[in-house]
Amino acid sequence: MFIISHLLFGWVIGNYSLLEKRDRALAVAAAMAPDLDALSYVFGRSYYEAFHHEFFHSIAFCVFITLLMLPFAKEKIRGGFGIFAAGLSHLFADLIGTSWPMPLLWPFSSHYFTIGGILSEQIIYNVINPLAGLILLIFSIMIMVEFKRTPVEIVSPKYDRRLVNFFMLP
């Protein structure tokens, strides 16, 4: 899936888990964190292909990132569950939205999981990804209407307010 999809998964989970602003930001970061392994592309495509969708795309990494972020959460219990769920959303999205195999159960199993052998790449990339994006966009609009905020609040409350006011009818 695209990074914006992961961002929106974290945003939706953070909002519907009724998290505080800081915890919503942590949920968004946790949803995007497994793609830190994409930085291996800096060293070339061969490194990217060797390291992307490896350790960072495992449940163990989601536990690690949750424990790393938990001290910064305002609400420890709900925030922890929200952060962990957001990290897992990345794995789920990549499992159904890519054909890349992932070691979800690493270090307990060396088995790689993929939907690639079940669905064709045309279905994955031309049906599932756009459909997931549309669903995430609908949920994001619902959040904007219900809670009067967008993901922009994470970086600029001022511009978030302007964006919400622009789209909301008087």
*Amide H neighbours of PHE113 under 5 Å, at least 5 residues apart or on other chains, H built in the peptide plane: list them.*
MET102, LEU104
*With no solvent and one equal point scatterer per Cα, compute the Debye intensity ratio I(q)/I(0) for segment 65-105 at 0.16, 0.17, 0.34 Å⁻¹ and report its log10, rounded to two decimals.*
-0.47, -0.52, -1.09
*Å² of accessible area per residue within the chain, as computed with a 1.4 Å probe and no ligands counted*: 57 Å²
*Would you kindly calculate the translational diffusion coefficient of the chain, applying Stokes-Einstein with the Kirkwood radius from alpha carbon pairs, for 37 °C and a viscosity of 0.692 mPa s, and quote it in µm² s⁻¹ without decimals?*
196 µm²/s
*Simple spin-label model, 7 Å along Cα-to-Cβ: PHE147 to LEU68 in nm?*
2.3 nm
*List, largest first, the extents of the alpha carbons of segment 76-170 along their principal axes, each in whole Å.*
53, 37, 19
*When the distances between all Cα atoms of segment 79-124 are binned every 5 Å from zero, what whole-number percent does each bin get?*
5, 22, 22, 21, 16, 9, 3, 1
*Pairing the Cα long axis of helix 157-167 with the longest principal axis of the chain, what angle in degrees results, from 0 to 90 and rounded to the nearest 10?*
80 degrees
*May I ask for the net charge around VAL42, where only other residues with Cβ less than 15 Å from the Cβ of VAL42 are counted and Lys, Arg are +1 while Asp, Glu are -1?*
-2
*What is the P(r) of segment 10-73, as percent of Cα-Cα pairs per 10 Å bin from 0?*
22, 41, 27, 9, 0
*Against the longest alpha carbon principal axis of the chain, how many degrees, from 0 to 90 and to the nearest 10, is the axis of helix 129-147 turned?*
30 degrees
_Quick one: 3J(HN,Hα) in Hz for segment 50-65, Karplus 6.51/-1.76/1.60 with θ = phi - 60°, rounded, Gly and Pro as x._
7, 10, 6, 6, 10, 3, 5, 9, 9, 4, 4, 5, 5, 5, 4, 5
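The values are calculated or read from the model by the stated rules, or taken from the named source; none is laboratory data. These figures come from a predicted structure and were not determined experimentally. Cβ atoms come from the backbone with ideal geometry, glycine included; neighbour counts cover every protein chain shown. Heavy atoms of the whole protein, side chains included, go into the accessibility calculation; ligands, DNA and RNA do not. Shrake-Rupley method; radii C 1.70, N 1.55, O 1.52, S 1.80 Å.
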